[in-house]
Amino acid sequence: MMSRKTLAWAIAIWAALTWGGRIAIVFDLGSDPGERVRIGLSVLVAAAAVPALVVGRWVRPAVYAYAAVNTVLWVRSVVVVFSEERAQSFLVVHTTLALLSLLLAAVAALTVWREPPV
């Protein structure tokens, strides 16, 4: 599998790429409250998983929470995106983001699951 530090960097970079441009929505009180919560929660669990992977304290709960939240958010997003009338390119981009996010979550969970407890 992947080393913890590499995994921490991957999660940090992926969270910045996928949510970095939309983080302003979290602070925009005029935007959809549900969207604000989803983005904020995703960034929060990624922010908790990264130092846990490097330091080693609370690594399993933090990474499992990251994987669970990531899975729920992306599965929900894909269902919503496909239930609405959207451009084909929008569907392709969001499906690709979802698949890569789910893959990273699975790799993270498997990495800490295979390690002996700290």
Problem - Contour excess over end-to-end distance, with Cα ends at Val80 and Leu29 and 0.36 nm allotted per residue - result: 16.1 nm
Completion exercise
Rounded to the nearest 10 Å², the 1.4 Å probe accessible area of Arg86 is 100 Å²
Fill in the blank from the handout: Within region 66-110, the residues whose backbone N lies under 18 Å from a label point placed 7 Å from the Cα of Ser3 along the Cα-to-Cβ direction are 108
Exercise for the section: First measure r as the distance between the Cβ atoms of Gln88 and Leu110, then evaluate 1/(1 + (r/R0)^6) with R0 = 30 Å and state the FRET efficiency to the nearest 0.05. Expected result: 0.40
Fill in the blank from the handout: In order over region 5-20: 3J(HN,Hα) from phi, Karplus 6.51/-1.76/1.60, θ = phi - 60°, whole Hz, x for each Gly or Pro, gives 5, 5, 5, 4, 5, 4, 5, 4, 5, 5, 4, 5, 5, 7, 10, x
Fill in the blank from the handout: Percent of all Cα-Cα pairs per 5 Å bin for the chain, counting from 0 up to the last occupied bin, reads 2, 12, 21, 23, 19, 12, 7, 4, 1, 0
Handout entry: Separation of alpha-carbon centers, region 31-73 and region 92-110, rounded to whole Å
Key = 14 Å
Problem - Exposure ranking of Ile13, Ile25, Ile39 by accessible area [1.4 Å probe, largest first] - result: Ile13, Ile25, Ile39
Handout entry: At most 16 other Cβ within 10 Å, DSSP loop - chymotrypsin sites (Phe, Trp or Tyr not before Pro), region 34-118
Key = Trp58
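The values are calculated or read from the model by the stated rules, or taken from the named source; none is laboratory data. Everything numeric in this text was worked out from a predicted model, so none of it was measured. Quick reminder, even Gly has a Cβ in these numbers, built from the backbone with ideal geometry, and neighbours come from all protein chains shown. Please note that ligands, DNA and RNA were not included when accessible areas were found on the heavy atoms of the full protein model with its side chains. Shrake-Rupley method; radii C 1.70, N 1.55, O 1.52, S 1.80 Å.
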